[in-house]
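The values are calculated or read from the model by the stated rules, or taken from the named source; none is laboratory data. Please read all numbers here as calculations on a predicted model, not as lab measurements. All Cβ positions, even for glycine, are placed from backbone atoms using ideal geometry, and neighbour counts span all protein chains on display.
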Amino acid sequence: MSESSPPGFLTAGEVSRWTILAARVKANKNLVVGGVLVLIFVFMAIFAPYLTRYDPNKRDFSARFAQPSMHHLMGTDHFGRDTFSRILFGTRISFEVGIVSVLIGMIIGVIIGAVAAYWGGFIDSLLMRMMDGLLAFPQLLLAIALVAFMTTNLGTVSIAIGVVFIPRFARVMRSAVLVEMKREYVEAAKAIGQSGFKILFRHIGPSTISPVVVLATLVFAFAVLTEAGLSFLGLGLPPPNPSWGRMLDEARHYLSASGWTSFFPGVAISLAVLGFNLLGDGFRDFLDPKMSGAVDMGKRESLGD
Amino acid sequence: MEPLLRVDHLKKYFPLARGPLTAKHGQVHAVDDVSFTINPGETLGLVGESGCGKTTVGRCLLRLIEPTAGQIRFEGTEIAGLSRMAMKGLRRNMQIIFQDPFGSLPPRMRLRTILTEPQEVHGVGSPPERMEAAMAMLQKVGLSSEHMHRYPHEFSGGQRQRIAIARALMLHPKLVIADEPVSALDVSIRAQILNLMVRLQAEMGLSYLFISHDLSLVKYMSDRIGVMYLGRIVELAGREELYRRPLHPYTEALLSAILEPKIQPKRKGLYLGGEVPSPIAPPSGCHFHPRCPCRAPDCEEIRPELRDAGGGHWVACHPR
Amino acid sequence: MLRYITQRTLHLIAVLFFMSIIVFSLIKLIPGDPVGYILGEQATAEQRAMLRTQLGLDRPLITQYLEWAGKAITGDFGNSLLYNKPVMDSIKERLGPTILLAFASLLISVTLGIFAGTLAAANRGTWGDVGVLLFSLLGVSIPGFWLGIMLILLFALKLPIFPSIGYESMFTNFLECMRHLTLPAITLGAASTGSIARFTRSEMIEQLSRDYITTAWAKGLSRPAVIFRHALRNSLVTVVTLVGLILGTLLSGQVIVEQVFAWPGLGQLIIAAVFGRDYSLVQAIVLLTAVIFIALNLLVDISYSFLDPQIRLGKKG
């Protein structure tokens, strides 16, 4: 399969796949910065108990509103609780809610989008109008409305946020499937007698992974932000859960006593959201050109990437 | 001998609706009453310009597109009304090769899955047996079986078409519809693929419906040839017969467009003016009459049916 | 064009329908008996029965929906349990401050955003450009409530320039009103400014590469003239799209900003209603907001198609 190549070009045999991959990752700043940020938070979430000696919920009234110091890296709050520990454990909450809500939105949304695209016609119109109905609400407002009518725990908060995402995943999946359905390999699969489900799953599915992954990452950022917002409003997980949003809500009543208590949770939220946003943007750029077949042997006319 | 495939009065009209609240209606008469047969082991070529409906005919035979009307009988069994389950069983006998080697293979599936899938769908053999069959077929089409783990995009166009052929043959069909199988390939590769198809036909006892706009390719591959114009077959004859004695003016025009390296001019050139009319509002009577140099008054009113001109030669043209 | 309008209208009706079903169903989410939940333990049987009838819970589901929807269209959402007056009245009281804040934020984000985006586009690759991009990325990531708190910390507590909370009507004291309005409006507008800046920047970059700009240079026009008069004018068509972009952010963000700054708008009202278990009020606000959202989006679509001659004149064929 090797042929003589224009000078300066490396054929697939000369350089390993992984080297090329690594180079592409490095070139994508969004991916790198976002990835590092996200990894840091993942690390914090997993190893929280080992990174601090304080119990995040332990009150110590002798050390209220402490400034950041060697004892308390980020100071303490109005109950004397160590802020750094609370931030660490708060990472877990953000991730838990984030993962569950994104999964809910993704699984349901992807199914709806695929069904709408594959069966088309009336089902498509019906499902998409329902999705539009959901999209008619500003996102945070919908989450608030849903949570308002339910008791608040990890499950309900995640569901409330997850529902907000369903139409977005549905739309993305639907477009991706529609594009693929026009390709001949779908007809070929039908000609063999393959069932609709299997076609969706095996043939079309893999081509839809990229846009869904990009959306999932971006949506995760939004989930973290929304969870913080809900907690801030008092609609998130109940105390004493150290949700970052709740920490901010509690801290703002004591602004004159300590500005630090309001500072760190906000930084945490911002960095986490920023990290996922960058990661999502990075994925989008990274996955896109690859799909047009950079290593495609057939399209010999196209020079370079 | 009972024909393998028998098509009677096949029609496919596509509605032109643009939405529930439009005034404009109309239909694209893609296939407008087409009839032909294919015998076991033979190749029927279907030739015509783009838009004449030949591709639609191919799709209708496999019910990838549902016919509007007409009968399609495969080995005596009527296809058009079959349920999905029954149709699935029949699919083992009829397969298709598409024009685009890049689009007809699933981009994210490895070769081994692509080739074992047909048998898997129909529950043929055990997984190891399927793999063996796939490897054997891959070699049959001229590719090494060590490529099994690769993805389609790692192959060239010609190789991909071989893979597509292999896939189509995994179930040992009796009839293979080849829809412009080499039109998207480099000219130098075409001969290879066509010869492969001929060889496989002999080895596996296949029948082909060879669809193409290229008359020289059709001549090379086919035993009999049907010429289509605007959704209708205007002439149907054996290969040699069609070339020696074209009866329909359209066929004559097509033939004279082929440049042949011959010294003495074999036939008078017949050059057509105008363009192919739109299949939405085809001309009345004989579709070809506006461009026909031998037009008679009847031609505008009455649609000519395929009539027997002797020796298996059929033509849809009023006697001149 | 007529076909387009008809299509859009049908679409609109479908969306409104499904949206209203969602709002209506919200109350069904309450675990257990909604009446008991609302009234609490101490309620007598009489009170429960009365509320049940009032909420129409003793009738079949479809009837409930139709009644609710019918009343909603006329603006009758029943009485607010919390405030003991018609829901619509509570809402009307809060409209003024809400609109004021929304409008101010819109103004800030649009003007600042367009300005920043234009400058960034005109000075591509410089630190200013990078700065603007960074700023917009931060704007999307930084939570509004945190920004608000930080602003209060800095500009109300440390440097007592602005009041930290509260509201003053502009008809009673305009200056005070502006003082109270500043921090909330900046907070609410921050995220949107970033999005607008980014969008304007890419639009401007695209415009600046067009031929007619090169012609303007060749004519010898000064730099500001070229940028602001020519390119900007064409980019302004997309202002409409911009507004559409940030609508959702503004409407959602308002709830949070009003909490931070104790701004007496609908956002604060809905939170009070949620905690007060005043579900009719919650539903009414959610419905209203959604309707406004849909309406504004529709306006954006229509004016967009109006401005885009291809759609207005109907595509050929």
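Couple of notes before you dig in:
- For segment B:30-70, the set of residues classified as surrounded by 18 or more Cβ atoms within 10 Å (Cβ to Cβ) and within 14 Å of another protein chain (Cβ to nearest Cβ) consists of B:Thr55, B:Thr56, B:Gly58, B:Arg59, B:Cys60, B:Leu61, B:Leu62, B:Arg63, B:Ile65, listed by residue number.
- Restricting attention to segment A:261-288, the residues that are of a type in the set (Phe, Trp, Tyr) and either out of contact with any helix residue (DSSP H, G or I) (no Cβ under 7 Å at 6 or more places or on another chain) or within 8 Å of another protein chain (Cβ to nearest Cβ) (or both) total 1.
- Verdict on A:Glu180 being within 30 Å of B:Met94 (Cβ to Cβ), within 10 Å of another protein chain (Cβ to nearest Cβ) and either touching a helix residue (DSSP H, G or I) at 6+ places or on another chain (Cβ under 6 Å) or of a type in the set (S, T, N, Q) (or both): yes
- Enumeration of residues in segment C:156-189 that are farther than 25 Å from C:Arg94 by Cβ and at pLDDT 85 or above: none
- Pairs meeting the criteria (first residue in segment B:184-200 and of a type in the set (Ser, Thr, Tyr), second residue in a helix (DSSP H, G or I), beta carbons under 9 Å, at least 6 apart or on different chains) are B:Ser188/B:Gly158.
- Qualifying position, being crowded, with 24+ Cβ neighbours inside 10 Å, on the phi < 0 side of the Ramachandran plot and of a type outside the set (Phe, Trp, Tyr), among A:Leu134, A:Leu140, A:Leu178, A:Leu154: A:Leu140
- Residues that are within 25 Å of B:Ile114 (Cβ to Cβ) and in a loop (DSSP other than H, G, I, E, B) do occur in segment B:205-226.
- Some residue of segment A:267-281 being at pLDDT below 90 and out of contact with any Asp or Glu (no Cβ under 9 Å at 6 or more places or on another chain): yes
- Of the helices (runs of 4 or more DSSP H) contained entirely in segment C:235-317, those carrying at least 2 residues that are modelled with pLDDT of 75 or more and closer than 25 Å to C:Ile152 by Cα fall at C:239-261, C:266-275.
- Odd one out for C:Phe145 among (1) touching a Ser or Thr at 6+ places or on another chain (Cβ under 9 Å); (2) surrounded by fewer than 20 Cβ atoms within 10 Å (Cβ to Cβ): (2)
- Residues that are in contact (Cβ under 8 Å) with a residue 24 or more places away in the chain and either aromatic (Phe, Trp, Tyr) or in contact with a Pro (Cβ under 6 Å, 6 or more places away or on another chain) (or both) within segment C:167-179 comprise just one, C:Tyr167.
- Screening segment A:242-257 for residues that are part of a loop (DSSP other than H, G, I, E, B) and surrounded by 20 or more Cβ atoms within 10 Å (Cβ to Cβ) and picking the one that is nearest to the other protein chains (Cβ to nearest Cβ) gives A:Ser243.
- The residue that is surrounded by the most Cβ atoms within 10 Å (Cβ to Cβ), among those in segment B:71-88 that are within 14 Å of chain A (Cβ to nearest Cβ) and free of Cβ contacts under 8 Å to residues at least 24 places away in the same chain, is B:Ile79.
- All positions within segment C:74-111 that are part of a loop (DSSP other than H, G, I, E, B) and not hydrophobic (A, V, I, L, M, F, W, C): C:Gly75, C:Asp76, C:Gly78, C:Ser80, C:Tyr83, C:Asn84, C:Lys85
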